[in-house]
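A quick write-up on the structure given underneath.
The values are calculated or read from the model by the stated rules, or taken from the named source; none is laboratory data. Fair warning: this is a prediction, and the values are worked out from it, not measured in the lab. Here Cβ is always computed from backbone atoms with ideal geometry, including for glycine, and neighbour counts include all displayed protein chains. Heads up: the accessible areas ignore ligands, DNA and RNA and are worked out on the full protein's heavy atoms, side chains in. Shrake-Rupley method; radii C 1.70, N 1.55, O 1.52, S 1.80 Å.
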Amino acid sequence: MARASETAYAALREEILSWDLAPGTVLAEVELSSRLGISRTPVREALARLVADGLAEPQGGRGLVVTPVEAENVTELFELRQALEAQAASLAAERRAPAPFRALQDELREVPALLADPDPGRHAYYDLVARFDDAVDEAVQNPFLVSALSAVRTHLARLRRLSRDNPARLLEAAREHLLIVDAIVDGDARLAADATRVHLYRSLRSTLGSLDRSLGGNPTLIDSTAVREKDATPR
């Protein structure tokens, strides 16, 4: 039973983060149980974990739904992200082993080539970002900070849908990551933190702009209906 619950949780979490289950989608136990080929009990346990993660929430009269993406919540997420990531960058600059970050410098300079890849999911680019996160996590030597960052990154992963079709912003973000890495390599804690704050300020503006465009000027909510309408629009 525990294994079935873990399998259901992993599958549903991935579908939410990839927007296969879009914001606002109803999470019906019977339908999910049938689709996943498991009983309702492990599905119910998986849904409880998704609620605890903040990826699902009760909706009056509809049971559980995938948590909507709202401008207000995105701003709140970035407020927390700034506090955590600026501190992490500062500590990484103080405590790092330079070699992993020197390797990242070389990779970040090659981002234009990564973005030339036709892969619509930008997997190579986001794999590089994940390696950046891993290097910072290793350098900070603080498991409590790393755990807090992990929880925030779960929600950030869901926002990738809003930026992956904007290669210009991804290129800017890579330059911003490179400045952070340069500061860490140089052991400049203050610059690493300041560069992180600039990066997050620009990322927030870009994300809110994408929300606004997704709903035609109403950046308050993205739900499953809006996503379907957006996907049906010719590009």
Exercise for the section: Please give the contour-minus-distance gain from ASP117 to ALA168: 0.36 nm per residue of separation, less the Cα-Cα distance, rounded to one decimal in nm. Expected result: 17.0 nm
Handout entry: Inter-centroid distance (Cα atoms) of region 8-77 relative to region 118-142, Å
Key = 25 Å
Problem - Taking the chain and dividing mean pair separation by its residue count, relative contact order in percent (alpha carbons under 8 Å, at least six apart) - result: 27 percent
Practice task
State, to one decimal in nm², a quarter of the convex hull surface area for the C-alpha atoms of region 19-80, i.e. the direction-averaged projected area.
Solution key: 4.7 nm²
Problem - Rg in Å to one decimal, and Dmax rounded to a whole Å, for region 45-174 via C-alpha atoms - result: 16.9, 55
Problem - Prolate/oblate/rounded call for the chain, Cα gyration tensor, a/c under 1.5 rounded - result: prolate
Problem - Unit charges on C-beta of K, R, D, E only; dipole of the chain, Debye - result: 320 debye
Completion exercise
To the nearest 0.05, the calculated FRET efficiency linking ARG190 and ASP106 through their beta-carbon distance, R0 being 41 Å, is 0.95
Completion exercise
Shape call for region 52-111, from the Cα gyration tensor axes a ≥ b ≥ c (a/c under 1.5 means rounded, otherwise prolate when a/b beats b/c, else oblate), comes out prolate
Practice task
Could you tell me what percent of the accessible area of region 79-187 is made up of carbon and sulfur, with a 1.4 Å probe and every protein chain present?
Solution key: 53 percent
Completion exercise
For the chain, the charge dipole (Cβ of Lys, Arg +1; Cβ of Asp, Glu -1; about the Cα centre) points to a positive end, and the Cα of ALA97, ALA4, ALA195 closest to that extreme belongs to ALA4
Practice task
Determine how many Å³ per residue the convex hull of the Cα atoms of region 114-197 encloses.
Solution key: 98 Å³
Problem - Sum of side-chain charges, ALA130 neighbourhood, beta-carbon under 13 Å (Lys, Arg +1; Asp, Glu -1) - result: -2
Fill in the blank from the handout: Expressed in µm² per second, the diffusion coefficient of region 1-113 from the Stokes-Einstein equation, with Rh the Kirkwood radius over alpha carbon pairs, at 25 °C and 0.890 mPa s, is 145 µm²/s
Exercise for the section: Kindly report the accessible area of the chain per residue (heavy atoms of protein chains, probe 1.4 Å, no ligands, DNA or RNA), in Å². Expected result: 52 Å²
